[in-house]
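Just below is one structure, and these are the notes that go with it.
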Amino acid sequence: MSKEPRSPAILVWAMIVLAVAAVVGLRIGLGDGMARAYAERVEMRVTVQDVASPSGERVVEWVEWKSVSPAEFSRAVRESPSQDRVQLNPANTVGLWVAALLTLAIFSFLYRDNPAYRLAEAIIIGVSAAYWGVIGVWDSIVPKLFGALAHGWTTAHILPNLPAPTTQSQIGMGIALALGILLLLRLVPAVGGISVWTMAFIVGITAGAKIISHVESDLLAQTVATMQPLVQPADGGFWTGATLWASLPSVLVVVGVLCCLTYFFFSVEHKGVVGSAARIGIMYLMITFGAAFGFTVMGRVALLSQRVEFLLDDWLWLIDPLERRIVDGVSMIVGTGGVW
Amino acid sequence: MEGVLGILERLDRRWVFLAMALAVAGPILVMGITRKTLPETPTDASRAVFQVVQSLPRGSTVLLSFDFDPGSAGELEPMGVSMARQCALRGHKMVFISLWPLGGQMIDQTIKKVLRADFPHLQDGVDYVNLGFQTGNEQVMRVVLTDFKRAFPTTKAGRATADLPILSGIERVGDFALLAQVSAGYPGSKEWVQYVVSASGGKLPMVSGCTGVQTPQLYPYFPGQLRGLLGAIKGAAEYESLINAWVSDPANAAEMASAGADGGVSAVIPPKYLEAQRRMGPQLGAHLLMVVLILLGNVVYLAQRRSQRRAAA
Amino acid sequence: MMRIVALAIASVAGLVMLLSPFFPAMESVGAQSSEIFNVIAAIAFILGAGSLVKVNLSRVGRRDTGWGYAFVTLLCFAITLIVGLGKIGVPPNPQFAATPWAGEKDAAGSAFAWIYEFILTPITSTMFALLAFYVASAAFRAFRAKNREAMLLLGTAFIVLLGRTFAGVWLTGGFPEWASGLRLENLSMFIMQVFNTAGNRAIIIGIALGVTATSLRILLGIDRSWMGAGGGSA
Amino acid sequence: MVRGRSITSDAARMMLPLLAVCAVAGFQHTLASAHTQEIAAAVSTEDAAAVGAPTTSLFTPGKLPLAVAIIVTSGCIIAWMLQARAGASMYLRRIPALDAVTNAVGRSTEMGRPVLFIAGIQDMDNIQTVAGITVLSHVAKTTAEYDATIEVPTSRSLVMEAAREAVRGSYQAAGRFDAYNADAIRYITDEQFGFVASVSGQMVREKPAACFYMGCFFAESLILAETGNSIGAIQIAGTAESSQLPFFVAACDYTLIGEEFMAASAYLSGAPDQIGSLKGQDAAKVIVATLILLGVVLATIAALNLPQSEAVSRVFESLKGALGS
């Protein structure tokens, strides 16, 4: 599968890369250019209480930048050429380029492993590991652990409207802290073995909780759901084709469930009656898998479309399906002054 | 013939990748420039969603749960947009919630895109409200069964829900006329069915839109516990086309005017209401390619088997 | 000794979880346990980060092939951590402007949000999009009519793929009313509601039993391989 | 292994007490049916106590069916475990995917390439991850015996810890503690596709000869399996995520489907009481199938317009009530 393509093939691939580069080059010079992000300045002004100041309150002011479409920028400039309310957003413009280049770097893995992909890979490992660590701190450690064990400090500095903890949650978080510290003892080789206690706690609660949830919502619910009447009397009498046709699905479902269950038998050899049932069962499973495959393809293609749309729309400004760059009926793709 | 088969047998998978890229990018480019879409023939499951929303009495309060994030917005956002749009057209009140951390933002985008843009007379807190994200997965569902406002004490913007006009008659989730839900995974449609619809004794009707991956697992619930189901981008496109057909029908002009829809009946559908239908273009290209690939793969396989048999003989 | 205590902890914790739904006094234990788990997992990140830093530092230190990439990883890790924990560029929270750290960590305009939007999202969603290419390659290579089972798999996928696009309507939309069940879109519905329902149900029931047995083996201390009891036999 | 008593006769012995318990539960359901609705609305949530007056009952009402179901399934499993421990012989059908483990590891040793093991992308609060770790300990024992190297990239810090514990134990048990390398079991990132980007890059560069995917997988299943395929590795997968099974089936050499995956650890251990638990699972399956058949027959009679239909319909409702709905 991964044989090296012969030289004519390399030529074809090189031409494809050149063509893409040519489109990007052309796009930079054509019409109103490409890949720019704009933002609108919003002045924020909030009065807060402050015991230190003589009036008892003080004003906090800051500026926020709200993303707007290129069309809104053009409209603002047209209305007042000297305005500075809507401006080019340099950070997000650079961001668009970074995002586009990283997108292409990942796609390049389809051809083969290469330095661009390895760079993207190195970036994503570092960024995402830290990202999830940060999420863990701000979403779990601060509101749950600090919120329960150091409530006053947390409300004063980070989360002013955090409700007061219950005794139960304080006990729970105390346990969590203790188990967390036990786990970190892994870093001290002499007593590291004790960290298995934390693991034991986690594995224990997982095992206990999963028995409950699987028996309740899967085993019982699915068993009851299969208990359907085999015959669905249709209009016009009992022994008619219509009844037969209407009853077929429920018969097929019951047969299918029983045969598939037979396939999962471990302690009986799949021979004779059991063997036939298991074979029917595996056929049902294959149809199930085929259907899931077909449906999943849909979702995967949708994701690819999204990435391609990002490249063609947000980055290259080649298409504009949402009309974000149409000003007074003129597309910025063509350029407000130029011709396509 | 042998030559072609030989090439196919040794085909480098990169050519398959290139074919897929063209099958997806081509239609996007063409449809992006021409702004044309493919016609849709809605299936029963999608039609059911449209009819359930349509059949509620005007002014019903609908609970919309947007349980997805930007990762699956390509498939699911058009469903959320269409649901909000149809509710607004029918004059229903909308209470938006989310069990996914980034769902609150998806709701804000939808409100901006549909309600503020096309139904500017609707008031936040009276005709619609965004209650934002709530942590706790199924635990939240268990709480809303008995006390909706306890699970959502404030709106996303920080207003208390206790005295919110839109929630005046709502004590528990069963008081809503409909649960319309968009699902990207866990927690999602399956959990809503298991913990809320079943527990309400079938009194709370539910319609759902979900990703392609989840669709097979949700079909067993339709049309029983799920009154309607939008499966993947295809379901979104079908639903979108049903609403667009209704909007374009002059017979509905009066009703639309009373709902205060901006612009009234118009033959030109704004592009934001054609997103799902537009995305069916690359789907068609990709699916046809898949079908061709499966066929080619089997032609190669059968030819190989025949030559092996001949060699053995 | 350490192991016996561990076993006892696992069994007691499991038993408490197992009993909690049946006693009103214990009902909130379930919700609480998931919070405890989340906090422990967040603390455990220190160990994960330690492993990440150690492995990459040693690559840089030894000047292994590709040590530059390891350096990039470390750099990105450090920057993201500092930016995220320091809430750099986060504007004040309009509702609580007096509280210094009340701003949302990923508020628009913050450096953390920029990293999310322009680095994390493009890379991860493009990785996700690679799947479209891999399904195509898998379909070409693996969906071959080798036997009856494989034929069923590929036949079903074929029907569903066609039935879910305009192509299906175009191919079989002309079937007369009495044969409407054979239209591709209806056929794929039938498959979903009958075969797929049966298959999925049996899988779910089987898994529920498998989970029960696996959990019991753990709680009863018969399967101790998770705690390093060597190869699993008790 | 010698074939034990036939499972059907074992199951028949189980049926009597089970039916008795069902009858009791059904009776309770019929009695309570008048106010079941209100109770269900009020007590199926933890909030009943918080919102209304605190309930005085010691037990949560309405949970009897769940308790019965757990007692019956666990009872089956424990009963056969005890039987096996007492020395009863147990037949176990072959599971080709698990028989292939040794070959795959052996091939890695011959080729001088590593074995790659991925225990899914979820944390330790997912039972599939725990099952994956138990399989890992068996695979690690084999790699220790065959002197192959094993690489275990993980997507969660806790999983890394658990995997290290399991692998260290296996190497110790195999007497090869000198060959244990903790850094081969390392945390990559929690981010699903960041993890996949790293692992697929690693696969292309190190070209492992055998890849094991055992745990909870989502969309990354196909990326891993296709990359493994492109480097010609033997691939053995196991998961209970039904949406990902088609991709493993299409792209891997062997796939453990759902319950088979859950049984893998017991199968590989070969210990009598673990194998007994598998037989207990089978007995529970017979009970489920019997209940389904019973329910189907009752539902069918109730649906036909026979004189007895109404009475049967009541019995059917009781049966459903006994099963908790």
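The values are calculated or read from the model by the stated rules, or taken from the named source; none is laboratory data. Everything numeric here is computed off the predicted structure, so don't read it as measured data. Methodologically, a virtual Cβ is constructed for each residue, glycine included, from the backbone with ideal geometry; neighbour enumeration extends over all protein chains shown.
Exactly one condition in (1) surrounded by fewer than 21 Cβ atoms within 10 Å (Cβ to Cβ); (2) facing another protein chain (nearest Cβ under 7 Å); (3) touching a residue at least 12 places away in the same chain (Cβ under 8 Å) is false for C:Leu219; which is it? If we test C:Leu219 against (1) surrounded by fewer than 21 Cβ atoms within 10 Å (Cβ to Cβ); (2) facing another protein chain (nearest Cβ under 7 Å); (3) touching a residue at least 12 places away in the same chain (Cβ under 8 Å), just (1) comes out false.
Take the conditions at the interface with chain A (Cβ under 9 Å from one of its Cβ atoms) and outside any helix (DSSP H, G or I) and apply them to B:Gly212. Does it pass? Against the criterion (at the interface with chain A (Cβ under 9 Å from one of its Cβ atoms) and outside any helix (DSSP H, G or I)), B:Gly212 qualifies. Annotation note: of D:Asp190, D:Asp183, the sole residue that is within 8 Å of another protein chain (Cβ to nearest Cβ), outside any helix (DSSP H, G or I) and either within 22 Å of A:Ile125 (Cβ to Cβ) or acidic (Asp, Glu) (or both) is D:Asp190. Restricting region A:184-218 to residues that are aliphatic (A, V, I, L, M) and more than 19 Å from C:Ile218 (Cβ to Cβ), the residue that is surrounded by the fewest Cβ atoms within 10 Å (Cβ to Cβ) is A:Ala190. Quick one: which of D:Ala289, D:Ala240 is surrounded by fewer than 24 Cβ atoms within 10 Å (Cβ to Cβ) and either outside the structural domain of D:Ile121 (by TED's automatic domain parsing) or closer than 18 Å to C:Ile205 by Cβ (or both)? When all the criteria are applied, what remains is D:Ala289. Quick check: anything in region A:146-165 under 30 Å from B:Gly158 (Cβ atoms), small (Gly, Ala, Ser) and within 14 Å of chain D (Cβ to nearest Cβ)? For region A:146-165, residues under 30 Å from B:Gly158 (Cβ atoms), small (Gly, Ala, Ser) and within 14 Å of chain D (Cβ to nearest Cβ): absent. Of the residues making up region D:287-312, those that are more than 9 Å from chain A (Cβ to nearest Cβ) and within 27 Å of the chain's Cα centre (by Cα) are D:Ile287, D:Thr290.
Tell me yes or no: at least one residue of region A:288-311 is in a loop (DSSP other than H, G, I, E, B) and within 30 Å of A:Gly33 (Cα to Cα). No: zero hits. The single condition from (1) over 26 Å from the mean Cα position of the chain (by Cα); (2) in a helix (DSSP H, G or I) that A:Leu159 fails is (2). Test B:Leu296 against the criterion of being surrounded by fewer than 19 Cβ atoms within 10 Å (Cβ to Cβ), in contact (Cβ under 8 Å) with a residue 60 or more places away in the chain and closer than 30 Å to C:Ala145 by Cα, and give yes or no. Yes; evaluated as a whole, the condition is true for this residue. Name every residue in region C:82-135 that is at the interface with chain A (Cβ under 7 Å from one of its Cβ atoms) and of a type in the set (D, E, K, R), in order of residue number. Scanning region C:82-135 gives C:Lys105, C:Glu117.
Here the condition is being assigned to a helix (DSSP H, G or I), under 30 Å from A:Val231 (Cβ atoms) and in contact (Cβ under 8 Å) with a residue 40 or more places away in the chain; of D:Ser318, D:Ser277, it holds for D:Ser318 alone.
The requirement of being basic (Lys, Arg), touching a residue at least 60 places away in the same chain (Cβ under 8 Å) and loosely packed, with under 15 Cβ neighbours inside 10 Å is satisfied by A:Arg78.
One line per residue, one yes/no per condition, for (1) within 29 Å of the chain's Cα centre (by Cα); (2) farther than 19 Å from D:Glu161 by Cβ; (3) more than 7 Å from every other protein chain (Cβ to nearest Cβ):
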residue	(1), (2), (3)
C:Ala10	yes, no, no
C:Ala13	yes, no, no
C:Met26	no, yes, yes
C:Ser33	yes, no, no
C:Phe45	yes, no, no
C:Arg63	no, yes, yes
C:Thr73	yes, yes, no
C:Ala78	yes, yes, yes
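Just to be sure I understand, how many residues within region C:126-151 are modelled with pLDDT under 90 and either in a helix (DSSP H, G or I) or at positive phi (or both)? Within region C:126-151, residues that are modelled with pLDDT under 90 and either in a helix (DSSP H, G or I) or at positive phi (or both) number 10. Within region C:159-168, the only residue that satisfies the criterion of being at pLDDT 85 or above and surrounded by fewer than 24 Cβ atoms within 10 Å (Cβ to Cβ) is C:Ile159. Criterion applied to D:Ser137, D:Ser221, D:Ser155 was being under 26 Å from the mean Cα position of the chain (by Cα) and at the interface with chain C (Cβ under 8 Å from one of its Cβ atoms), and the one residue passing it is D:Ser137. A:Val255 meets the conditions (1) aliphatic (A, V, I, L, M); (2) under 30 Å from D:Leu92 (Cα atoms); (3) touching a Lys or Arg at 6+ places or on another chain (Cβ under 9 Å) in every case but one. The failed one is (3). Of all residues in region A:322-333, those that are touching a residue at least 12 places away in the same chain (Cβ under 8 Å) and facing another protein chain (nearest Cβ under 7 Å) total 1.
Residues in region A:31-39: is at least one modelled with pLDDT of 90 or more, in a helix (DSSP H, G or I) and closer than 28 Å to C:Phe128 by Cβ? The answer is no, given that none of the residues of region A:31-39 is modelled with pLDDT of 90 or more, in a helix (DSSP H, G or I) and closer than 28 Å to C:Phe128 by Cβ. Residue count for region A:178-206 satisfying the condition of being within 9 Å of another protein chain (Cβ to nearest Cβ), over 29 Å from C:Thr212 (Cα atoms) and not basic (Lys, Arg): 3. Looking only at residues in region A:110-145 that are at the interface with chain C (Cβ under 7 Å from one of its Cβ atoms) and in contact (Cβ under 8 Å) with a residue 24 or more places away in the chain, the one that is surrounded by the most Cβ atoms within 10 Å (Cβ to Cβ) is A:Leu145. Within region A:40-77, restricting attention to residues that are part of a loop (DSSP other than H, G, I, E, B) and of a type in the set (S, T, N, Q), the residue that is nearest to A:Asp320 (Cα to Cα) is A:Ser69. In region D:239-259, the residue that is farthest from the other protein chains (Cβ to nearest Cβ) out of those that are within 19 Å of D:Thr134 (Cα to Cα) and touching a residue at least 24 places away in the same chain (Cβ under 8 Å) is D:Tyr254. B:Arg278 satisfies every condition listed in (1) under 28 Å from the mean Cα position of the chain (by Cα); (2) within 9 Å of chain C (Cβ to nearest Cβ) except (2).
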